[in-house]
Amino acid sequence: MKKRLIELHVNGESHEIAVKPNDTLLEALREKLHLVGTKEACSVGECGACTVLMNGRPVLSCLTLALDGAGTQITTIEGLSEGETLDPLQEAFMEHGAVQCGFCTPGMILTAKEFLKRADTPGLNEIKEAISGNFCRCTGYTKIIEAIQAAANARQKA
Amino acid sequence: MNNMRLPKFSYHEPRTTDELVDMKGAFMEGGAILAGGTDIIPMLKRRNRALEHLINIKGIPEFKKVAYDDNRGLSIGPAVTLRDIIDHPIVSESYPLLAKAAEAVGFNQLRNMATLVGNLCLDSKCPYFNQSALWWKSRPECFKGGGDRCYMVKGGKGCFALSAADTVSALIALEAELVIRSVRGKRRTLVEDFFTGDGRRPHDLEKDEVVAAVLIPLSDEGSWCQGFMKKSTRGSVDFAIASLSVRLKMNHKGVEDARIALNGVSTKPIRAKGAEGCMIGKEVNDDTVSQAIHLVLEETTPLSSVGSSVFYRKNMIRVMFNDLIETITRGEQSHMKR
């Protein structure tokens, strides 16, 4: 299969990479750009571990062709902090013990990040619905929901 | 061994509908369409399906359009995502049933990627067929994989994979049509007639044909109330045990016209015409509803699947129908995922 050169805009930086048509965006991010914060778990679009933001919306990078990523703005977990300063949502996950093995965390945080942009004062059920595509096999979700709620509340106060 | 990589294929990006139609006509069943990718990519990764050509249709400008016309209604292109449908002001105002059904599909990330036409063209789903290549290595192939047996219905003489898409019942209740293109020309078919009931080839789509648009007509004058309900094993992400769409046109005497459609219970969706007929001309009361439920169940042949026996499915349809009629005749649109 012939490789093609594409321009991938990730976390505000532009990268020129060569990809095959059957490379997924996930493979391009992890293997070409070494942004290994984005995780691969189920590989078939059921678990949400590979979630990235594409033009601001959460999508599954394991089901997206790298070629389809060209010309879009992609945000991965590496793009959320500013230097050493973490995103408030990342801080909330740490404070509330919402991270155990950590494998679902990047996808979970990116999904929650976009959700909080849409929801001003989210209720419990709204949060649950929002993260229903992100599986966590450690925490039982309670701490994760608390962290997202806390991040929303903190923003209200600010 | 990493068998979760995509297999090799030759990749195509047509820029016009004519170019696409020519490609599909040349590749036939060896060519598959890529839009949202949420159905075809997992099937390719699991090696459920072999292909030589993948045709990405997202580069065709008119395929991304939702067009509304006061005379003809709504036209939706095959690259329009479920998210676009949910957020579209005309859909939420004039076709709330469709917005609710689109919202019931999968989860947020999937709805941001998956398309409405892709949901209609969703391959039939089976807890056996949709296993990995590794799983299949240890068993004889089923009908859908080219073999001679069905694991869903033991001793079954055909493939009983389920028709699972959530938006189908809504589109049937809205009397939507499909525009289908091929090198041989253009035809239109009602969504209601688009399903074959054969799990191996669930859609009435020839090897050289592609769906070019969904058309949803305007509903006639009068006050239609409408609702959608989905029930699945888990509260969150799952294919339906049943999904139900109901539209009722009400006047001062009761029901003037009705559309009732179901999906997810069998190998094809069902439009419950008997139940529709039984409700027309009657007041909505317990008697009418229980007669209608009786007819809905007579018109459906629910299959047993992982997590839902025939008995459970039938009872859930009964409960869902009761709840949905009650909710919509109270003047609310309903959307319940649990």
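Does the range B:137-151 contain at least one residue that is within 14 Å of chain A (Cβ to nearest Cβ) and farther than 23 Å from B:T196 by Cα? Scanning the range B:137-151, I find no residue that is within 14 Å of chain A (Cβ to nearest Cβ) and farther than 23 Å from B:T196 by Cα, so the answer is no.
The residue pairs whose first member lies in the range B:298-313 and is more than 19 Å from B:V237 (Cα to Cα), whose second member is part of a strand (DSSP E or B), and whose beta carbons are closer than 7 Å, counting only pairs six or more residues apart or on different chains, are B:E299/B:I270; B:T300/B:L262; B:T300/B:I270; B:L303/B:L162.
The sole residue among A:A41, A:A98 that is within 14 Å of chain B (Cβ to nearest Cβ), under 16 Å from the mean Cα position of the chain (by Cα) and of a type in the set (G, A, S) is A:A41. On the stretch given as the range B:174-211, residues that are under 16 Å from B:S75 (Cβ atoms), open to solvent by 20 Å² or more (accessible area, probe 1.4 Å) and either assigned to a loop (DSSP other than H, G, I, E, B) or out of contact with any strand residue (DSSP E or B) (no Cβ under 9 Å at 6 or more places or on another chain) (or both) total 1. Could you tell me whether the range B:233-255 includes any residue that is open to solvent by less than 20 Å² (accessible area, probe 1.4 Å), part of a helix (DSSP H, G or I) and either among the acidic types (D, E) or modelled with pLDDT under 95 (or both)? Looking for residues that are open to solvent by less than 20 Å² (accessible area, probe 1.4 Å), part of a helix (DSSP H, G or I) and either among the acidic types (D, E) or modelled with pLDDT under 95 (or both), one finds none in the range B:233-255, hence no.
On inspection, A:M54 passes the criterion of being within 14 Å of another protein chain (Cβ to nearest Cβ), open to solvent by 10 Å² or more (accessible area, probe 1.4 Å) and under 23 Å from A:L29 (Cα atoms). All conditions in (1) in contact with a Ser or Thr (Cβ under 8 Å, 6 or more places away or on another chain); (2) surrounded by 21 or more Cβ atoms within 10 Å (Cβ to Cβ); (3) away from chain A (no Cβ under 13 Å) hold for B:V91, with the sole exception of (1). Of note, B:K58 does not satisfy the criterion of being open to solvent by less than 20 Å² (accessible area, probe 1.4 Å), more than 20 Å from the chain's Cα centre (by Cα) and charged (D, E, K, R).
The listed residues are B:R47, B:R5, and the only one of them that is away from chain A (no Cβ under 11 Å) and either open to solvent by 60 Å² or more (accessible area, probe 1.4 Å) or touching a Cys at 6+ places or on another chain (Cβ under 9 Å) (or both) turns out to be B:R47. Going through the range A:57-87 one residue at a time, which ones are more than 13 Å from every other protein chain (Cβ to nearest Cβ) and in a helix (DSSP H, G or I)? Correct list: A:I77, A:E78, A:G79.
For the range B:77-86, the criterion of being closer than 21 Å to A:G71 by Cβ, touching a helix residue (DSSP H, G or I) at 6+ places or on another chain (Cβ under 9 Å) and small (G, A, S) is met by at least one residue. For the range A:123-134, a tally of residues being open to solvent by 50 Å² or more (accessible area, probe 1.4 Å) and touching a helix residue (DSSP H, G or I) at 6+ places or on another chain (Cβ under 9 Å) returns 4.
The values are calculated or read from the model by the stated rules, or taken from the named source; none is laboratory data. Since we're looking at a predicted model, the values are computed, not measured. Backbone-built Cβ (ideal geometry, glycine too); neighbour counts: all protein chains shown. Surface areas here come from the heavy atoms of the whole protein model, side chains and all, with no ligands, DNA or RNA. Shrake-Rupley method; radii C 1.70, N 1.55, O 1.52, S 1.80 Å.
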